[in-house]
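Please treat every number below as a calculation from the coordinates, not as lab data. Because the structure is a prediction, the values reported are computed rather than measured. Positions of Cβ are generated from backbone atoms using ideal geometry, with glycine treated the same way; all protein chains shown enter the neighbour counts.
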Amino acid sequence: MDDKDIIRRVKNGDVESFALLVRRYQGNLIGFLTRMLGDRGLAEDAAQDVFLNIYKALDSFDENRNVPFAAWLFITAKNAAISQIRKQALRRSLPLDAAAELPDSAPGALSVLLSHERRLHVKEALDEVPEPHRSSLLFQLEGKTIREIADLQGATAGAVKSRIHRAKAALVRILGKGGLIDHE
């Protein structure tokens with residue numbers, strides 16, 4: 001049974017069928033969120049929240065459009081992960097002027113601060129890469145094959161390769177504007 005059939009069943013009152021979608025995508029979703037959040041426990045919690053939110057919003061999903069359920073699911077997950085990352089960054093961020101107050105005995109404190117700032121810039125640059133290019137690149141960074149990504153996104157392998165290439169080019173361009181890399 002394909003995703004569209006399952007969604008129709010859920011919309012027609014067979015709420016138990018949603019478990020089929022959860023089983024189908026749970027492993028990939030947790031892997032995706034782990035890669036984005038850097039913590040499996042946080043990823044598992046986030047995946048539960050994403051599935052709950054998707055279930056609540058399932059009526060707004062038009063299964064007759066050409067948008068695969070997996071794309072909707074992973075875009076929702078990406079947005080949830082970005083919100084989580086921003087919340088964590090706000091809680092842990094260290095103002096640049098506070099770096100001067102770090103004790104000299106703190107080994108590599110400036111290096112840690114700069115590394116943190118670079119990661120934030122890369123995440124912000126990644127946010128600027130349009131979908132579906134961004135999610136294709138993130139799946140590749142997770143170690144998924146082109147074929148696996150194509151299946152998840154309901155696209156051809158050629159389209160996925162093109163999306164990844166465009167995502168990388170966009171990142172180079174965006175990070176180059178910010179002076180983080182030399183893209184010439």
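May I ask you to derive the FRET efficiency for residue 24 and residue 128 from their Cβ-Cβ distance with R0 = 30 Å, giving the value to the nearest 0.05?
Numbers: r = 30 Å, r/R0 = 1.01.
Approximately 0.50, to the nearest 0.05.
Looking at the stretch 42-83, the trypsin sites (Lys or Arg not before Pro) that sit in a DSSP loop and have at most 12 other Cβ atoms within 10 Å of their own Cβ are 65.
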